[in-house]
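Below you'll find the structure, written out as structure tokens, and then a few comments.
The values are calculated or read from the model by the stated rules, or taken from the named source; none is laboratory data. Computed from a predicted structure; not experimentally measured. As a convention, Cβ positions derive from the backbone with ideal geometry for all residues, glycine included, and neighbour counts pool all protein chains shown. To get the accessible areas, we keep the full protein, side chains included, count just its heavy atoms, and leave off ligands, DNA and RNA. Shrake-Rupley method; radii C 1.70, N 1.55, O 1.52, S 1.80 Å.
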Amino acid sequence: MLPRALASSAQPFMRPATDADCASLARVWRRAWCSANPSVESVAPPDHWEVRVRAEFGLPCVTLVRAAGPEITAFLVLDLASAYLHQLFVDPDFQGQGAGAKLLQQVNRLCPDGWTLHVATANHGARRFYARHGLVEGLVDTHPATGRERVLCRWSPPATPAAG
């Protein structure tokens, strides 16, 4: 059997999330979070993730999904007013195929003056991914709700040469 990433013949596309996407967003978020945190012994059940999607995604943030046909393969949650990326997750079956990079391109387009996000210090894969895409690590602190250590990352647009 082919992995879903190879079996899908639909060309991936980006679109805003809708209320009908909540269960799919929760599934992708949980799968990607588990993949990024393999040492965590107990992970909340799927219903917990759907409750969080309904509570945390939406206005004032914009939620974009990357989909292949009807299947959501990745998503981001971005607060445009504060230029803060709350979430960016790619389903493990679709990682390494450019979906995360495409989402970051959208963030750069929507926040051309720069933006920030926090990433868990223990999530070395995500930290390498963001560094490859030009984000610079800064302040290390602890997440106010979970107590997990995290690092603030910042993307700034490339400097333009002064006109001479």
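List the strands (runs of 3 or more DSSP E) that sit entirely inside the range 69-135 and contain at least 3 residues that are closer than 21 Å to A26 by Cα and open to solvent by 30 Å² or more (accessible area, probe 1.4 Å). Reasoning before the result, please.
Numbers: elements: 71-79, 84-90, 115-120.
Once the strands (runs of 3 or more DSSP E) in the range 69-135 are filtered for at least 3 residues that are closer than 21 Å to A26 by Cα and open to solvent by 30 Å² or more (accessible area, probe 1.4 Å), what remains is 84-90.
Would you be able to tell me the number of residues in the range 46-68 that are on the phi < 0 side of the Ramachandran plot and assigned to a loop (DSSP other than H, G, I, E, B)?
Residues of the range 46-68 that are on the phi < 0 side of the Ramachandran plot, as a first pass: 46-57, 59-68.
Next, only the ones that are assigned to a loop (DSSP other than H, G, I, E, B) stay: 57, 59-61.
So the answer is 4.
Does V43 satisfy being in a loop (DSSP other than H, G, I, E, B), of a type outside the set (S, T, Y) and in contact with a helix residue (DSSP H, G or I) (Cβ under 6 Å, 6 or more places away or on another chain)?
On the way: in a loop (DSSP other than H, G, I, E, B): yes; of a type outside the set (S, T, Y): yes; in contact with a helix residue (DSSP H, G or I) (Cβ under 6 Å, 6 or more places away or on another chain): yes.
Against the criterion (in a loop (DSSP other than H, G, I, E, B), of a type outside the set (S, T, Y) and in contact with a helix residue (DSSP H, G or I) (Cβ under 6 Å, 6 or more places away or on another chain)), V43 qualifies.
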